[in-house]
There are 2 protein chains.
Amino acid sequence: MQDFNFWAPTRYIFGHDAELKTGIMAAQSGWNNILLVYGGQSAVKSGLLDRVRKAINEAGVSVTLFGGIRPNPVDGPVREAIAICREKNIDGIIAVGGGSVIDTAKAIAAGALYFEGDFWDFFTGKRVVEAALPIGVVLTIPAAGSEGSGNAVITDSRNSQKISIRTEYQLRPKWALMNPALTLSLPWHQTVAGIADMMAHIMERYLTTTPDVEVTDRISEGLLMAIMKSALKLKENPDDYEARANIMWSGTLAHNGTCGCGRNEDWTSHALEHVLSAIYDVTHGAGLAVVFPAWIQFLADKAPEKPAMLGRRIFNIPEQTPDREAALLTADALRGFFSQLDLPVTFAGLGIENPDIPLYVEYFHRDKGTPYVGYYPLYPEETAQVYALMK
Amino acid sequence: MQDFNFWAPTRYIFGHDAELKTGIMAAQSGWNNILLVYGGQSAVKSGLLDRVRKAINEAGVSVTLFGGIRPNPVDGPVREAIAICREKNIDGIIAVGGGSVIDTAKAIAAGALYFEGDFWDFFTGKRVVEAALPIGVVLTIPAAGSEGSGNAVITDSRNSQKISIRTEYQLRPKWALMNPALTLSLPWHQTVAGIADMMAHIMERYLTTTPDVEVTDRISEGLLMAIMKSALKLKENPDDYEARANIMWSGTLAHNGTCGCGRNEDWTSHALEHVLSAIYDVTHGAGLAVVFPAWIQFLADKAPEKPAMLGRRIFNIPEQTPDREAALLTADALRGFFSQLDLPVTFAGLGIENPDIPLYVEYFHRDKGTPYVGYYPLYPEETAQVYALMK
């Protein structure tokens, strides 16, 4: 086990009507002028935005609306919102939405208190986030885990490059209100993309070269099993509140750092997928459902130990199965599971009829360096092999 | 899944030399006058206390020592320390030790800011803790999980009654420095008593009547499996740092609330054990090793579903085994595991040659009410049955 720091101070209020606590929480947090960040029309049409706004107003807190954040969010709206924060003396941000909205809120929060330059400096690595406006969340899409993480991903609109930043605590939301009932109305494709995303968050951390992290391994396997069981229940009945609740809470634990304690992490699959969603604007989770099994399949010949262990423990692959074969079976089992959920597992399933692997390889190494060092180091030739397994 | 709040804002710094960060952390926390609470002579003899004191002094923070806290800590020293806190304008407390020291520090922290009465009011339920001095921890015994919890247990010196209080966040330590190497020198009986204690913390939460808590169930099972595997490695080699590290971190997660999210909890075994440690001053964890298998065995005839599920998932009891039989096998497996660790599993093993079951039943219901309602409600006759299974 490696030495580690773990600080996850987000306060979670989970369950029925949690979103109605926005006002109380904003007031308790000492905020007077809120920027309310949200996405498209679904929060408006469902009445959620009105309920939240009313709760905040009733607590005597002022609200400025800032909507229209799109999936794979870009830098432009962040700058726009930073200007509003300064003009209106915003002292707290509430994000109502999923990962895209929350990540945008985080970028705004950091940028609003950074007067020496542009917020993008944090994403290029020129500066680290030292201070940020405090953030509260009303979660509507269990997927990205941003409600409990210190991380954010923003796409550079000039070149479609997705860039992640990671802070220990500076960008962790102060609180997150999580009502699983809000997710009952999610379209199926969004539900399952979220499931693939949270499973990837766990497996990216599971694929570690650090030995002797049994406690973190076992928690990760447990979360994966709980997610898969709940996902299959949802497939039977998308209105199953209990399954939605298990998935929502799992998505938070998948990404709040719990599954990373004491070890290095992989993140190769996310890097491979970011290229695809940058070029084709595919849904991140759907892209991961294509990428992850291919990555595991590739590893079967290179570094099968951890994928084999995963398969033995969560897919009941017999103990005595040799590592290579067990890793291949793990890749198959993952593909089978994702297919059961109607997720794509090939380029064609993503709507990419003529994959341009040389282009993906070029983008991948342009953005991530050569070799890309995760669980197993990738040089361009190998990166091409992994992408080829997605055909 | 039940609605829940979860807020675990303790900052963990885990790994080699973590205790040397005491000074930096105290200064960063803005503390000027520390009360350093510790236990017996082991922290002095090992040089730990000196190292910590030096680190704090080097950060320019003043230290007042307050040692001598004993296992199953009582109220007297708490009052003494509260007086010192007020006299010396103490603004932060650092606990160097295990659960007894940390729990004492928590009681001091709450009492020091309560001017309208005696700190015991919190334990009798007359008042709830609203404010407390901030606490930092250097953990030396992985067992009680107090380093990450908002709970404390103090024994009433007048009648030997152990009383617990539970706060959502008010008594959670601000930070905990966790160096597994400090636990390499723990005597074997203390090591294994700690293991039984943390396993009980998980199983108390696992025995729930709340359905559909798959995510929390799976995390709990994962922690138990990790603890058992690491414990058997330690039995082979008590100097195994990695096994110590896995156990230390598991002990924190066992009790910081993670395993309770979304469900009601049992705590019958702790209540049964508190009677024994109050009368005989037995080690809490050793007492739990006797109590827990008996409780599971008793449940086999009453409410076997959850014990059976536990056994199937962590002891590989075949799926098709009927619930009652699976629960009995779970009790056997637990006894077998504890015995392998040289823990007692009977009254005789605890050194109680002539158990006085009527007395235990009387104390139990005097302290906890009739019926005691946990996973399965206990009336005196049934309580006697459970104690009888410890013979």
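Read-outs: derived from the displayed coordinates by stated rules, not from any lab. Predicted, not measured: the structure shown is a model, and the values here were computed from it. Note that each Cβ is placed from the backbone with ideal geometry, even for glycine, and that neighbours are counted across all protein chains shown.
Tally Lys/Arg at +1 and Asp/Glu at -1 over every other residue whose Cβ is under 14 Å from the Cβ of B:R324; what's the total?
In short, -2.
Taking a cut-off of 15 Å between Cα atoms, list the aspartates and glutamates near B:K88, but don't count ones fewer than 8 places away on the same chain.
In chain and number order, the partners are B:E80.
Given N residues in the stretch A:161-207, what is Rg(Cα) / (2.2 N^0.38 Å)?
Dividing the Cα radius of gyration by 2.2 N^0.38 Å gives 1.48.
Excluding residues fewer than 8 places away in the same chain, name every one of the aspartates and glutamates whose C-alpha is closer than 17 Å to that of B:K229.
Output for B:K229: A:D212, A:E214, A:D217, A:E221, A:E319, B:D197, B:E221, B:D239, B:D240, B:E242, B:D342.
Considering the dipole of the protein assembly as shown built from charges on the beta carbon (Lys and Arg +1, Asp and Glu -1) around the Cα centre, which of B:H270, B:P322, B:S160 is farthest to its positive end?
Farthest towards the positive pole: B:S160.
Report Rg/Rh for chain B, rounded to two decimals, where Rg is the Cα radius of gyration and Rh the Kirkwood radius.
Looking at chain B, the ratio lands at 0.96.
Please tell me the relative contact order of the stretch B:12-81 in percent, rounded to the nearest whole number, where contacts are Cα pairs under 8 Å and at least six residues apart.
40
Report ³J(HN,Hα) in whole Hz for each residue of the stretch A:307-322, in order, from the Karplus equation J = 6.51 cos²θ - 1.76 cosθ + 1.60 where θ = phi - 60°; Gly and Pro get x.
In residue order, the calculated couplings are x, 5, 4, 4, x, 4, 8, 10, 10, 6, 5, x, 3, 6, 4, x Hz.
Work out from phi, with θ = phi - 60° and the Karplus expression 6.51 cos²θ - 1.76 cosθ + 1.60, the ³J(HN,Hα) of each residue of the stretch B:90-101, listed in order in whole Hz, and give x for Gly and Pro.
Couplings: 5, 10, x, 10, 10, 9, 10, x, x, x, 5, 5 Hz.
Strictly over 30 Å apart at the Cα level, which of A:K302/A:K391; B:K306/B:K391; A:K21/B:K302; A:K106/B:K174; A:K306/A:K391; B:K174/B:K233 would you flag in this model?
A:K21/B:K302; B:K174/B:K233
Summarise the partner chain shielding of B:252-263 as one whole number: the mean count of Cβ atoms from other chains within 10 Å of each residue's Cβ.
2
If I take R0 = 25 Å and measure r between the Cβ atoms of A:Y280 and A:L184 in this structure, what FRET efficiency does the formula 1/(1 + (r/R0)^6) give, to the nearest 0.05?
0.30
Within 12 Å, Cβ to Cβ, of B:E168, how many net charges do the neighbouring residues add up to if Lys/Arg are +1 and Asp/Glu are -1?
+2
Putting +1 on Lys and Arg Cβ atoms and -1 on Asp and Glu Cβ atoms, find which of B:N5, A:I93, A:F338 reaches farthest to the positive end of the dipole of the protein assembly as shown.
Of B:N5, A:I93, A:F338, it is A:I93.
Points 7 angstrom from Cα along the Cβ direction at A:K391 and B:R166: gap in nanometres?
Reported label-point gap for A:K391 and B:R166 is 5.8 nm.
Evaluate the stretch A:283-391: find the radius of gyration of its Cα atoms, find its Kirkwood radius, and give the ratio Rg to Rh.
Here the Rg-to-Rh quotient is 0.99.
Quick one: putting +1 on the C-beta of Lys and Arg, -1 on the C-beta of Asp and Glu, what dipole do you get for the stretch B:11-182 around its Cα centre, in Debye to the nearest 20?
I would put it at about 180 debye.
Amide H neighbours of A:V138 under 5 Å, at least 5 residues apart or on other chains, H built in the peptide plane: list them.
A:A95, A:V96, A:G97, A:L177
For the stretch A:187-388, count the residues as N, evaluate 2.2 N^0.38 Å, and divide the Cα radius of gyration by that value, please.
My calculation over the Cα atoms of the stretch A:187-388 gives 0.97.
Please enumerate, by chain and number, the aspartates and glutamates with C-alpha under 18 Å from the C-alpha of B:K54, excluding those fewer than 8 residues away in the same chain.
Qualifying aspartates and glutamates at Cα under 18 Å: B:D17, B:E19.
What average number of partner chain Cβ atoms lie no more than 10 Å from the Cβ of the residues making up A:10-22?
Taking the mean over all residues of the peptide, I get 3.
What is the Rg over Rh value, at two decimals, for the protein assembly as shown, using alpha-carbon atoms and the Kirkwood definition of Rh?
Looking at the protein assembly as shown, the ratio lands at 0.97.
Cα centroid distance between the stretch A:252-301 and the stretch B:157-215, in Å?
35
Suppose every K and R has +1 on its Cβ and every D and E has -1 on its Cβ; what is the size of the dipole of the protein assembly as shown about the Cα centre, in Debye to the nearest 20?
The calculated dipole for the protein assembly as shown is roughly 1120 debye.
Can you tell me the equivalent ellipsoid semi-axes for the stretch B:11-182? Use √(5λ) from the Cα gyration tensor, largest first, whole Å.
Whole-Å semi-axes of the equivalent ellipsoid: 24, 17, 15.
I want the local charge near A:E362. Using Cβ-Cβ distances under 15 Å, sum +1 for each Lys or Arg and -1 for each Asp or Glu among the other residues.
Combined, the nearby Lys, Arg, Asp and Glu give -2.
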